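A short worksheet on the structure shown next.
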Amino acid sequence: MPKILVIHGPNLNLLGKREPSIYGTFTIEDINNSIKRLADELGVEVSIRQSNHEGEIIDMIHDAGGYDALIINPAAYTHTSLAIRDAISAVDIPTIEVHISNIHKREDFRQKSLIAPVVSGQISGFGPDSYLLALRAAVTIINAEKGTS
Ligand code: DQA
């Protein structure tokens, strides 16, 4: 069974309480439960992690070698972290960048992603469904690579 790693970056543990007018009232547990439900339906195994620490996220990416795809919401590190970008380039597994809000219609400083140039694609602006769209995209990529699509 294909294995997919999902990483939530900093402050996403506060979903539900954090700026609900931007991020909604759903919690990280709600998102994780819907990811797991869809993973069951699609016949893939998911591991889901969250960290508020850049170095810890980099270590998670380094350890992602056994996974067939990576889904990551780097949160604020999207806009600042060359180190997370380099880690994604280094491991060379299909990676999908996810954002709950549409970063392209927010403040100027959020419109630039250092991560986007090194991933398969970016999904931004669909609320918690961004993760589900990313999961479907990851499965499509995995199947295409295996020639089973
Ligand atoms: C975010 C967008 C980022 O700009 C922000 O720093 C976040 C969340 C999103 O999912 O919309 O923490 O990645």
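The values are calculated or read from the model by the stated rules, or taken from the named source; none is laboratory data. These numbers come from a predicted model, not from an experiment. Neighbour counts run over all protein chains shown; Cβ positions are idealised from the backbone, glycine included. Accessible surface areas use protein heavy atoms only, side chains included; no ligands, DNA or RNA. Shrake-Rupley method; radii C 1.70, N 1.55, O 1.52, S 1.80 Å.
Descriptive notes on the structure:
- Simple point charges give the picture: +1 on the Cβ of Lys and Arg, -1 on the Cβ of Asp and Glu, and for the chain a dipole about the Cα centre of about 340 debye.
- Taking a ≥ b ≥ c as the square roots of the eigenvalues of the alpha-carbon gyration tensor, the range 12-54 is classed oblate because a/c is 1.5 or more while a/b is no larger than b/c.
- Partner lysines for Lys17 [C-alpha distance under 27 Å; skip if fewer than 8 residues away on the same chain]: Lys36, Lys105, Lys112
- Estimated FRET transfer efficiency (Asn143, Ala90; beta-carbon r; R0 22 Å; 0.05): 0.35
- Computed label-point distance, nm, for sites Arg49 and Ile22 using a 7 Å Cα→Cβ extension: 2.6
- Gyration tensor verdict on the range 1-133 (Cα atoms; rounded if a/c is under 1.5, prolate if a/b is larger than b/c, oblate otherwise): oblate
- Mean Kyte hydropathy of 0.0 or more with a Cα span along the axis of at least 18 Å, helices from DSSP in the chain: 129-146
- For the chain: relative contact order, % (alpha-carbon pairs under 8 angstrom, 6 or more apart): 26
- With all protein chains in place and ligands, DNA and RNA left out, the 1.4 Å accessible area ranks Phe26, Phe109 as Phe109, Phe26, largest first.
- The candidates Leu38, Leu132, arranged from most to least accessible area with a 1.4 Å probe in the full protein assembly, appear as Leu132, Leu38.
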